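Below you'll find the structure, written out as structure tokens, and then a few comments.
The values are calculated or read from the model by the stated rules, or taken from the named source; none is laboratory data. None of these values were measured; they are calculated from a predicted model. Glycine also receives a Cβ, built like all others from the backbone with ideal geometry; neighbour counts cover every protein chain displayed. SASA here: full protein model, heavy atoms, side chains in, ligands and nucleic acids out. Shrake-Rupley method; radii C 1.70, N 1.55, O 1.52, S 1.80 Å.
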Amino acid sequence: MYAFNYHRPNSLDAAAQALAANEDAKLLAGGQTMLPTMKQRLAMPSDLIDLSGIAELRGVCEDGDAVVVGAMTTHAEVAANEIVRSKIPALAKLADGIGDPQVRNRGTLGGSIANADPAADYPAAVVGLGATVKTNKREIAADDFFVGLFETALEPGELVVSVRFPVPEAAAYAKFDHPASRYAIVGVMVARTGGGVRVGITGAAPSAFRQTEMEQALAGNFAPDALDGISVSADGLNGDIHASAEYRAHLVGVMAKRAVIAARG
Amino acid sequence: MPDSGIGAAVKRREDFRFITGRGRYVDDINRPGQLYASFVRAPIAHANVRGIDTAEAEKAPGVVAVFTGEDLEADGVGSLPCGWVVTDKHGEPHKAPPHWPLVRGKVRYVGDHVAVVIAETLAQARDAAELVEVDYEDLDPVVDLAQAGEGAQLHDEAPGNLCYDWELGDKAAVDAAFEQAAHVTKLDLVNNRLIPNAMEPRAAIGEYDVGSDSYTIYSTSQNPHLLRLILCAFVLNLPEHKVRVVAPDVGGGFGSKIYAYAEETVCTWASKKLNGKPVKWTAERSESFLSDAHGRDHVTHAELAMDAEGKFLALKVDTKANLGAYLSSFATAVPTYLYATLLAGQYATPAVHCNVRGYFTSTAPVDAYRGAGRPEATYVIERIVEVAARDMKMDPAELRRKNFIQPDQFPYQTPVALVYDIGDYEPTLDKALEMIGYRDFAQRRAESEARGKLRGIGFSAYIEACGIAPSAVVGSLGAGVGLWESAQVRFNPTGSVSVFTGAHSHGQGHETTFAQLVSEKLGVPYEQIDIVHGDTGQIPMGMGTYGSRSLAVGGSAIVKACDKIVEKGKKIAAHLMEASVDDIEFDGGQFKVAGTDKAKGIGEIAFTAYVPHNYPEGVEPGLDETAFYDPLNFTYPAGVHIAEVEVDPDTGETKIVDWVAVDDFGKVLNPMIVEGQVHGGIAQGVGQALLESAVYDDSGQLVTGSYMDYTMPRADDFCEFRVGMTVSECTHNPLGVKGCGEAGAIAAPAALMNAITDALGAEIDMPATREKVWRHAQAKLKAAAE
Ligand SMILES: Cc1cc2nc3c(=O)[nH]c(=O)nc-3n(C[C@H](O)[C@H](O)[C@H](O)COP(=O)(O)OP(=O)(O)OC[C@H]3O[C@@H](n4cnc5c(N)ncnc54)[C@H](O)[C@@H]3O)c2cc1C
């Protein structure tokens, strides 16, 4: 790890200022990605701005027909939270399936989506549930948030404050985990709302995406058979020693079906 | 059942300190004035080193020194030796290119040691290591074992990258048998490369003492005396009596900590260079991945000849073995003498021939890893026997039974050099069949199929050679060392016992089992016996722990030392009780005068030996005996593992639904520890078959260089392992024990792959990744639908 300056601001403004003050400053949330990267000397931030002192970034509340989760809320808190468990159990379950207990006790929603790891679980929830990401500057719709591999719509100096998840009628997340890291090789969040069905997919491509053909089929018939005959193209999907693009494409179909079955209860 | 002697399931006394964080590992040791080493490692697989510029690094804060291969060369530091000379087919010794602790002119794998930076803090050493400028001239790497012979030349000494072309067995007899065969089964196999991944990474501190002109080396070693011998006699030219090697608590080795590595060599040498400042190095996990000796890595073609009834006539095996960029300490022996000699398996196959070509490649050195050669041999035999049963449409259990060596054939001379002293294979198979419920397998398979799953069952009837080894035998085969073990049993005046053993415990539980053994032998309470290991300053001599030898060889040395104690004790007891020595009997800690009720406890005898006021004439005071034991033969643990799996054809996931292991380890000292060893071994074998694989890309970069990509098995990958035992006691050591440390890792891969290929109806190589299994499962379903 290279030397860096450490800051622990206690307000959003102070954090944003510290971030703007230095081009090579980085935010620190749970540190589950940031710190290993620094230890391996793959990142050398000049300043590390620890968000853990900012109370308003943490916690879960209900807001109309949505659940709002603060950026600094840990995966373990989301998994155990009563509001999340009763309103969007699929989200609690997703959080409970991230990493191991140590990771869940440190890692945060904001850190996860800002990092936009193609294999991370939360992006499937943000996209699949049609969430809105609130930053210190604006609100960003899920469909616009994940831009590419480790790339989001966040601009320099912008930080995630919270994520607003509309409560679905039914939803479930099915994950096919990576054998070594246990991130998602493919993760599919299926959600049925008054307005239709959303299918959010992580792991398969450089960035989380929606599968509209499945969404349309499921809107007509929210049953696993509705997905029969939909074949997912392997074009543009990720391939590595653990899963080729073709295998991932196949798994999207399998996991989508499993999510539909689980969502139907 | 006894509560602490032989046969008792005593809880491991060492676990208290391990599970409460009170163990003391090399990295826990910090010496006054200690400096830290960071190695500059090759970032590319094969290159000429045109120059190393250390100027910037030397100027960096806290840096004390930067050394390169030139500095070691100037000081006459030698090459890390390979301690086993394999003589090839043509009577030539294997090609032995030098393995310099810091490279001289060339790097040969990613992770190779280019320079070392020594600084006051670890962070300073690492910062400065990045400032070392190396001018590389890229050369083509040699990554693919199958093509290694045609690739770029890695060492001038080894044309075609060939280390040796070696054979064992009677080729003419094998060829003749194939002529007669009614059926020949052929199989191509890959034995995947593994990375050992001991929980504790390697670490070392080298400390030179100016005043006494002596060295202390703290090292994560499985064999401190052997490390001392190698460093003194071959690499650093140090006087052995001036070097102490301490291997304190060591968190697993699996073979990877047998060897003498560059890092401890350099730390030791540098400490002298720096006037006695201790120099410490602890591997980062990524360094472990790159530079610990890897395991396995064979490509094999095998053929089995049978008569019309399925009697084995001959086995023919052709193997290419990857030795990596340099020869690690015992690299040459693993794919030859520890491999081909086991190819008879449990079967009375009259003729076996094996050809092995060992190649250098631009990858990390490969050496012994849990099982070392024997898992590879078992994998060849047990896979081809299973495939033969499929070819012949015979029950795989019955085909094995038909070919087993029969009890009346022992001692059995195999066609590949070994003489099995004892074994009883059929009862072991029967017990395993009974435990798994073999008769009802078809029903279970149908039930799985009804749920859309593919079920398979697979056998592995393994044998291994443990307790290495008779020194004269291994010497005649090229080993550079003797493979005896030593023990010292010392009574203290108050009656407690200190036992010094040259075996080294790094997870095996010696402190418990050896104390059980001594308690039984001397009748001293278990609590009053302490086992001391891992320090050449305390233990007379030793060869260390590997090849499941600790109890069979080290334990036998302890028995011999105990016998000497009893012999001497008899003289003292006879004197005290005014009887003839010949009339003294020893039992349960009591010296008795035969036929009387006169007796003296061993504690009183020990006290008398140290306070010899009333003492037999001509007998030395003290009760402290040392013994060496050189085994008469290998021991031959054998057993049958049966795995049952269920494959999900939608995803290719393999679920292990049942596992039965019936092993014959001879006499068992502590059944709980033995069962633990079996579980751990199976876990590693399952890891190899299902999950683990060291993958280098075409340029020689290690793709699986972290836990993000190298898949370690986890508890939820397993079912409960059901363990059974049969016992045929080893005939040639005083305990009747055989060894159990590697059996699981030897047996498991074949059992699991046989089960998976049974489910799929297709042959696939390890690891049986989900994608591979999915493709074959889909193909099977498609074929069935047509
Ligand atoms: C062993 C292990 C296993 C894991 N397994 C999984 C898994 O199965 N599934 C999964 O999804 N994830 C997994 N993770 C990732 C983990 O769960 C975290 O989600 C992830 O590391 C990022 O969250 P964090 O809070 O630790 O962020 P940090 O590591 O602190 O930060 C990550 C990045 O986000 C930026 N950032 C942090 N907070 C904000 C913010 N509020 N606004 C803008 N930018 C911000 C940081 O500057 C940094 O660039 C695993 C991690 C580990 C170490």
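Here B:T726 qualifies as in contact (Cβ under 8 Å) with a residue 12 or more places away in the chain, open to solvent by 20 Å² or more (accessible area, probe 1.4 Å), away from chain A (no Cβ under 14 Å) and of a type in the set (S, T, N, Q).
Can A:D24 be described as out of contact with any helix residue (DSSP H, G or I) (no Cβ under 9 Å at 6 or more places or on another chain) and more than 11 Å from the ligand (Cβ to nearest atom)? When the stated conditions are applied, A:D24 passes them.
Could we say that B:H294 is in contact (Cβ under 8 Å) with a residue 12 or more places away in the chain and farther than 19 Å from B:S221 by Cβ here? Here the answer is no, as B:H294 does not meet what is asked.
Screening the candidates B:D717, B:D697, B:D658 for the property of being within 14 Å of chain A (Cβ to nearest Cβ), charged (D, E, K, R) and surrounded by 17 or more Cβ atoms within 10 Å (Cβ to Cβ) yields one hit, B:D717. Of B:A397, B:A368, all but one fail to be buried (at least 24 other Cβ atoms within 10 Å of the Cβ), touching a Phe, Trp or Tyr at 6+ places or on another chain (Cβ under 7 Å) and aliphatic (A, V, I, L, M); the exception is B:A368. Can you say whether A:I98 is in contact with an Asp or Glu (Cβ under 8 Å, 6 or more places away or on another chain) and crowded, with 18+ Cβ neighbours inside 10 Å, as far as the supplied structure shows? Against the criterion (in contact with an Asp or Glu (Cβ under 8 Å, 6 or more places away or on another chain) and crowded, with 18+ Cβ neighbours inside 10 Å), A:I98 qualifies. The set of residues in the stretch A:56-85 being more than 14 Å from the ligand (Cβ to nearest atom), assigned to a helix (DSSP H, G or I) and surrounded by fewer than 20 Cβ atoms within 10 Å (Cβ to Cβ) consists of A:A80, A:E82, A:I83, A:R85.
Only a single criterion out of (1) in contact with a Ser or Thr (Cβ under 7 Å, 6 or more places away or on another chain); (2) more than 13 Å from chain B (Cβ to nearest Cβ); (3) within 18 Å of A:L94 (Cα to Cα) is not satisfied by A:F165, namely (1).
Evaluation of A:I88 against the conditions (1) among the β-branched types (V, I, T); (2) closer than 16 Å to A:T202 by Cβ; (3) more than 10 Å from the ligand (Cβ to nearest atom) shows that the sole unmet condition is (2). Counting the residues of the stretch A:6-18 that are open to solvent by less than 60 Å² (accessible area, probe 1.4 Å) and more than 9 Å from the ligand (Cβ to nearest atom) gives 6. Cβ-Cβ distances below 6 Å connect the following pairs, each with a first residue in the stretch A:171-200 that is closer than 30 Å to B:I195 by Cβ, a second residue that is assigned to a strand (DSSP E or B) and away from the ligand (no atom under 12 Å from the Cβ), and a separation of six or more residues or different chains: A:F176/A:V186. Can we say A:G97 is within 9 Å of the ligand (Cβ to nearest atom) and either out of contact with any strand residue (DSSP E or B) (no Cβ under 7 Å at 6 or more places or on another chain) or free of Cβ contacts under 8 Å to residues at least 12 places away in the same chain (or both)? Answer is no for this residue. Annotation: of all residues in the stretch B:255-298 being part of a strand (DSSP E or B) and under 19 Å from B:T121 (Cα atoms), the one that is farthest from the other protein chains (Cβ to nearest Cβ) is B:V279. With respect to the conditions (1) more than 14 Å from chain B (Cβ to nearest Cβ); (2) outside any helix (DSSP H, G or I); (3) closer than 25 Å to A:I185 by Cβ, A:Q32 falls short on a single one, namely (1).
Return yes or no: is A:G111 near the ligand (Cβ under 9 Å from one of its atoms), surrounded by 24 or more Cβ atoms within 10 Å (Cβ to Cβ) and outside the structural domain of A:G203 (by TED's automatic domain parsing)? Spelling it out, A:G111 is indeed near the ligand (Cβ under 9 Å from one of its atoms), surrounded by 24 or more Cβ atoms within 10 Å (Cβ to Cβ) and outside the structural domain of A:G203 (by TED's automatic domain parsing). Residues in the stretch A:211-258 that are in a helix (DSSP H, G or I), of a type in the set (A, V, I, L, M) and within 14 Å of chain B (Cβ to nearest Cβ): 8 in all.
Inspection of the stretch B:587-594 finds a residue satisfying the criterion of being open to solvent by less than 10 Å² (accessible area, probe 1.4 Å), free of Cβ contacts under 8 Å to residues at least 24 places away in the same chain and in contact with a Lys or Arg (Cβ under 9 Å, 6 or more places away or on another chain). Which residues, counting only those in the stretch B:777-786, are more than 10 Å from every other protein chain (Cβ to nearest Cβ) and either surrounded by 23 or more Cβ atoms within 10 Å (Cβ to Cβ) or touching a Pro at 6+ places or on another chain (Cβ under 9 Å) (or both)? Across the stretch B:777-786, the qualifying residues are B:A777, B:K780, B:L781. For A:L35, the stated conditions hold: it is closer than 25 Å to B:S286 by Cα, within 11 Å of the ligand (Cβ to nearest atom) and among the hydrophobic types (A, V, I, L, M, F, W, C). Exactly one condition in (1) touching an Asp or Glu at 6+ places or on another chain (Cβ under 8 Å); (2) open to solvent by 20 Å² or more (accessible area, probe 1.4 Å); (3) away from chain B (no Cβ under 14 Å); (4) within 13 Å of the ligand (Cβ to nearest atom) is not met by A:T135; state its number. Unmet condition: (2). Do we find a residue being closer than 28 Å to B:P411 by Cβ and away from chain A (no Cβ under 11 Å) anywhere in the stretch B:679-694? Yes, there is a match, as at least one residue in the stretch B:679-694 is closer than 28 Å to B:P411 by Cβ and away from chain A (no Cβ under 11 Å).
Table: residues versus (1) outside any loop (DSSP other than H, G, I, E, B); (2) out of contact with any Ser or Thr (no Cβ under 9 Å at 6 or more places or on another chain); (3) open to solvent by less than 40 Å² (accessible area, probe 1.4 Å).
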| position | (1), (2), (3) |
| --- | --- |
| B:Y710 | no, no, yes |
| B:R722 | yes, yes, no |
| B:P734 | no, no, no |
| B:C740 | no, no, yes |
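In the stretch B:299-312, which residue that is assigned to a strand (DSSP E or B) and open to solvent by 40 Å² or more (accessible area, probe 1.4 Å) is nearest to B:P767 (Cα to Cα)? The selected residue is B:V299. Tell me whether the stretch A:177-188 contains one or more residues that are of a type in the set (F, W, Y), under 14 Å from the mean Cα position of the chain (by Cα), open to solvent by 10 Å² or more (accessible area, probe 1.4 Å) and within 14 Å of chain B (Cβ to nearest Cβ). Yes: one or more hits. Restricting the stretch B:176-187 to residues that are within 17 Å of B:T319 (Cα to Cα) and not hydroxyl-bearing (S, T, Y) leaves a set whose member that is surrounded by the fewest Cβ atoms within 10 Å (Cβ to Cβ) is B:K186.
For B:T704, the test of being within 14 Å of another protein chain (Cβ to nearest Cβ), open to solvent by less than 20 Å² (accessible area, probe 1.4 Å) and in contact with a Phe, Trp or Tyr (Cβ under 6 Å, 6 or more places away or on another chain) is passed.
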